[in-house]
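**Q** Have a look at the structure that comes next, please.
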Amino acid sequence: MTQPIILEVQNLSRSFGKFQALGGISLKIPKGKLCALIGPNGAGKTTFYNVVSGRYRPTIGKVFFEGRDISGLPSHALVARGLLRSFQVTNIFPALTVRENVLTPLAVMRGLSFSFLGSMARRPELVDEAEAILARVGLRGQSHRVVSTLAYGDKRLIEIAIVLACQPKLVLLDEPTAGMNPEETDRMIRLIKELSDKSEITFFITEHDMKVVFSVAENIFVLNQGTLLAEGTPDEIRSNREVKQAYLGGSLDAASH
Amino acid sequence: MGGLTLRRILPATLLLAFLVAAPFFLSTYWVIILTEILTMSLFAMSFNLLFGYTGLLSFGQAGFFGAGGYFAVLTLLHGPPSLWVALAAAVVGTALLALVIGWLCVRLDEIYFAILTLGFGMMLFTTAHNWRSVTGGSDGLGGFTVPPLNLIAWQVSLFNPKYFYFLVLAVTLLGTLLLLRMVKSPFGLLLRATRENSNRVAFVGANVRRLRLFAFVIAGTLAGVAGVLFAIFNRIASPEMLHWSFSGKAVLMTVLGGSGVLLGPAVGAAIFYVLEHYITTFTTSWMIFLGAILVVLVLAFPKGVLGSVMEFFAQKRRGAAP
């Protein structure tokens, strides 16, 4: 059974001055399949996310989301279509409460950004929705806490809650477990798996931790020096020689190709 | 829940009762000082919509304050003798001016935004200062008669300081209620989110530039309204109203009272004028004393006087709760 393609990237390149961070990447993400992007440090994973999510424009190449060309569109236009991302460095609203962090994207999604006189307090449906999302990521009962007082792992969960509030179709998760202790990592992985199984959302994650990648991903893409080195199921990737070389200090080999 | 509402409503009611009753037991001198405090409160609160709520430090806020004053006086001099028309002209004029200047300024933030607003403020000041034929140059624009305020059934003469005080009170109150409504609205939440992390706001699908532009226009327009009151109060619109040091006053009052609370800038304005009154009674170099007191206040109340007091009570409540 062939699944529809939610994201297609064609020959995507991005340069910064003379440095080519991405050199012609092409890949397809099927809808509903939990895919992962891995690669050694500096392979271009975050740049790839930045280009796909509209933070940077591609130098060459195209990005298609649900079959439509979205190359170079600004982030807020992509969010409106359902393409979301999370950030490697926790990127939330520190002085707002947990609930307000989720209400912010909900207000945007409901087209309330420029509702000047409507009262937030008189929108119980928004508050209910925020609470439901918080319960889903495991932050029930924390609504009134100021986010900056939360533990690190909980702040990362807020990041996921914000993304969910945007009603995403595709979520790019940039190292969701970065900096977490084993317990927090487990909790995050369980959450991502559960969300991927029980919702329509497609997740595409980058991850440092190979254990995490091989335990959750159905399909893995390996990036090295800005190009796509390999693609396949976890088993295929595990047994791929080139991948092993790239990871085992084989960067000299890769450079000479 | 009942206690919570009472706690919120009681201080506001007491303050309002004081402000309404003040002209009946205070001397004219103090009524005039209160008038100034209220005018500057509106101005400083308009600044704080940008600073405290949106995270944008504007050094050009006086430009809109002054422009409002000039638009109103020009209308009174050359147009129909009606305060309402003058006020309407000032609102439309400053809103358009803020739209154009804001459109250019909101492209940047942090220090770059501050410098841009400073630049535009200086341009507005120079326009008022040098365009003699229209603005009266450095003398300012006076010599207009203040028409009575037309309240359908009554014609209220503003030559009576008490009546003028009530006009200023009503306008500042309306402005405050508008701001209060706004900071509690979804728009207000998004402004605070923008202050916290503008990049993230863009990544939840909001147009940050447009959010900032709207805040800029609303703040500029409210500053313009405050400028109308100020010009009518002084019977003159003068270039000093547009000077960047006047913007600095708004910054000072806001930091003094607290940028995290809606009424913080108003408290700052009150402290500023009351201190000025007492210190100038015994010395002419009052700025030295004011400076010293401000240093102490800012060190003692890092979140502003009102901000720190509110935090103190909030902590006490939290401590008493369990």
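Every number in this text was worked out from the coordinates using simple rules, so none of it is lab data. These numbers come from a predicted model, not from an experiment. Don't worry about glycine lacking a Cβ; one is built from the backbone with ideal geometry, like all the others, and counts go over all protein chains shown.
**Q** State, to one decimal in nm, how far the label point of A:Glu236 lies from the label point of A:Lys18, with both points 7 Å from Cα in the Cβ direction.
**A** 3.8
**Q** Same structure, new question: Tell me, what is the FRET efficiency for A:Lys33 and B:Phe313 to the nearest 0.05, using R0 = 56 angstrom and their Cβ-Cβ distance as r?
**A** Approximately 0.55, to the nearest 0.05.
**Q** Relative contact order of segment B:2-320, please, whole-number percent, based on alpha carbon pairs below 8 angstrom and at least 6 residues apart.
**A** Working: 484 pairs, mean separation 96.2, N = 319.
Once normalised by length, the contact order is 30 percent.
**Q** Turning to a different aspect of this structure: Could you compute the net charge surrounding B:Trp103? Neighbours are other residues with a C-beta less than 11 Å from the C-beta of B:Trp103; K and R count +1, D and E count -1.
**A** Computed value for this residue: +4.
**Q** At B:Arg181 and B:Ile9, where each label point lies 7 Å from the Cα along Cα→Cβ, what is the point-to-point distance in nanometres?
**A** Once both label points are built, they end up 2.0 nm from each other.
**Q** Positive end of the charge dipole of segment B:2-320 (Lys, Arg +1 and Asp, Glu -1 on Cβ, about the Cα centre): tell me which of B:Ile279, B:Ile101, B:His78 has its Cα farthest that way.
**A** Toward the positive end, the furthest listed residue is B:Ile101.
**Q** With a ≥ b ≥ c taken as the square roots of the eigenvalues of the C-alpha gyration tensor of segment B:2-320, please select rounded if a/c is under 1.5 and otherwise prolate if a/b is larger than b/c or oblate if it is not?
**A** Details: a/c = 1.44, a/b = 1.13, b/c = 1.28.
Judged from the Cα gyration tensor, segment B:2-320 comes out rounded (a/c under 1.5).
**Q** Still on this structure, please answer the following. Can you tell me the orientation of helix A:152-165 relative to chain A, as the angle in degrees between its alpha-carbon axis and the longest Cα principal axis, to the nearest 10?
**A** The angle comes out near 80 degrees.
**Q** Which helices, counted as full DSSP H runs in chain B, have an axial Cα extent of no less than 15 Å and a Kyte-Doolittle average of 0.5 or above? Intermediate results must be reported in sequence, preceding the final value.
**A** Details: long enough: B:2-25 (33 Å, 1.52); B:28-48 (29 Å, 1.30); B:61-78 (26 Å, 1.06); B:83-105 (31 Å, 2.35); B:110-130 (30 Å, 1.04); B:161-183 (32 Å, 1.65); B:186-202 (18 Å, -0.32); B:208-234 (38 Å, 1.57); B:244-257 (20 Å, 1.04); B:264-280 (24 Å, 1.00); B:286-300 (21 Å, 2.92); B:305-320 (23 Å, 0.11).
Going by DSSP H runs, the hits are B:2-25, B:28-48, B:61-78, B:83-105, B:110-130, B:161-183, B:208-234, B:244-257, B:264-280, B:286-300.
**Q** For A:Lys193, list the lysines whose Cα falls under 23 Å from its own Cα; do not include residues on the same chain fewer than 8 positions away.
**A** Hits, sequence-local ones excluded: A:Lys28, A:Lys31, A:Lys33, A:Lys45, A:Lys155, A:Lys169, A:Lys211.
**Q** Same structure, new question: Set Lys and Arg Cβ to +1 and Asp and Glu Cβ to -1, take the dipole of segment B:143-270 about its Cα centre, and tell me which of B:Phe159, B:Val261, B:Asn207 lies farthest positive.
**A** About the Cα centre, the residue reaching furthest to the positive side is B:Asn207.
**Q** Turning to a different aspect of this structure: Of B:Gly52, B:Gly68, B:Gly79, which is the most mobile in a GNM of chain B whose springs link Cα atoms less than 10 angstrom apart?
**A** Sorting by GNM fluctuation, first place goes to B:Gly79.
**Q** Decide, for the protein assembly as shown, between rounded, prolate and oblate: order the square roots of the alpha carbon gyration tensor eigenvalues as a ≥ b ≥ c, take rounded if a/c falls under 1.5, and otherwise choose prolate if a/b is larger than b/c, else oblate. If you can, show how the numbers build up before the last one.
**A** Details: a/c = 2.66, a/b = 2.09, b/c = 1.27.
Judged from the Cα gyration tensor, the protein assembly as shown comes out prolate (a/c at least 1.5, a/b above b/c).
**Q** Could you list which residues have their amide H under 5 Å from that of A:Leu223, counting only those 5 or more apart in sequence or on another chain, with H placed in the peptide plane?
**A** Amide H neighbours of A:Leu223, under 5 Å, 5+ apart: A:Ile38, A:Gly39, A:Leu229.
**Q** So, one more: Relative to a virtual label point 7 Å from the Cα of B:Asn150 in the Cα→beta-carbon direction, which members of segment B:82-119 show backbone nitrogen distances below 20 Å?
**A** Only B:82-93 fall inside the zone, counting backbone N under 20 Å.
**Q** Under 5 Å between amide hydrogens, which residues at least 5 positions from A:Thr202 or on another chain qualify, with H placed 1.01 Å from N in the peptide plane?
**A** Result for A:Thr202 returns A:Gly32, A:Leu170, A:Val171.
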